[in-house]
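Engineer: Let me give you the structure first, and then I'll get to my questions.
The values are calculated or read from the model by the stated rules, or taken from the named source; none is laboratory data. The shown structure was predicted, so the numbers you read here are calculated from the model rather than taken from an experiment. In this analysis, Cβ positions are derived from the backbone assuming ideal geometry, glycine residues included, and neighbour counts consider all displayed protein chains. Calculation scope for accessible area: heavy atoms of the full protein, side chains included, ligands and nucleic acids excluded. Shrake-Rupley method; radii C 1.70, N 1.55, O 1.52, S 1.80 Å.
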Amino acid sequence: MTAKNTQGLALYHFETCPFCQKVRRAMVELGVDLELRDTRKNPDYREEQINGGGKGQVPCLRIEKAGEVTWMYESDAIIDYIKAL
Ligand SMILES: N[C@@H](CCC(=O)N[C@@H](CS)C(=O)NCC(=O)O)C(=O)O
């Protein structure tokens with residue numbers, strides 16, 4: 001399988017969140033290796049997510065492209081996004 005380009009992507013999540021588990025399972029199935037940022041283990045991640053995306057809901061995909069950052073909420077949207085990588 002060709003490696004997917006995940007540069008500039010980071011998934012904000014925590015372990016026991018079922019929606020996060022759904023996304024992490026899709027990552028394994030699709031062979032997508034995202035940087036994981038656990039917002040429960042590291043409160044700095046939670047703070048930067050709230051400051052950047054406006055809320056602490058997880059999962060949330062931080063997408064940095066050409067110096068511009070967007071924050072994608074909703075597990076289904078995130079799965080569709082990584083399917084299209
Ligand atoms: N519809 C959302 C639901 C996500 C959700 O409810 N996440 C919970 C954790 S399991 C959460 O972050 N709750 C705290 C909040 O909304 O700030 C999805 O599919 O991603």
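Engineer: Using the structure shown, decide if VAL23 is in contact with a Phe, Trp or Tyr (Cβ under 9 Å, 6 or more places away or on another chain), among the hydrophobic types (A, V, I, L, M, F, W, C), in contact (Cβ under 8 Å) with a residue 40 or more places away in the chain and open to solvent by less than 30 Å² (accessible area, probe 1.4 Å).
Structural biologist: So VAL23 does not fit the description; no.
Engineer: How many of the residues making up the range 31-48 are in contact with a helix residue (DSSP H, G or I) (Cβ under 9 Å, 6 or more places away or on another chain) and not acidic (Asp, Glu)?
Structural biologist: Residues meeting the conditions: 6.
Engineer: Where residues in the range 39-82 are hydrophobic (A, V, I, L, M, F, W, C) and either at pLDDT below 95 or over 14 Å from LYS22 (Cβ atoms) (or both), which of them is surrounded by the fewest Cβ atoms within 10 Å (Cβ to Cβ)?
Structural biologist: If we take residues in the range 39-82 being hydrophobic (A, V, I, L, M, F, W, C) and either at pLDDT below 95 or over 14 Å from LYS22 (Cβ atoms) (or both), then ALA66 is surrounded by the fewest Cβ atoms within 10 Å (Cβ to Cβ).
Engineer: On the given criteria, is GLU29 more than 17 Å from TYR73 (Cβ to Cβ), among the acidic types (Asp, Glu) and surrounded by fewer than 16 Cβ atoms within 10 Å (Cβ to Cβ)?
Structural biologist: Answer is yes for this residue.
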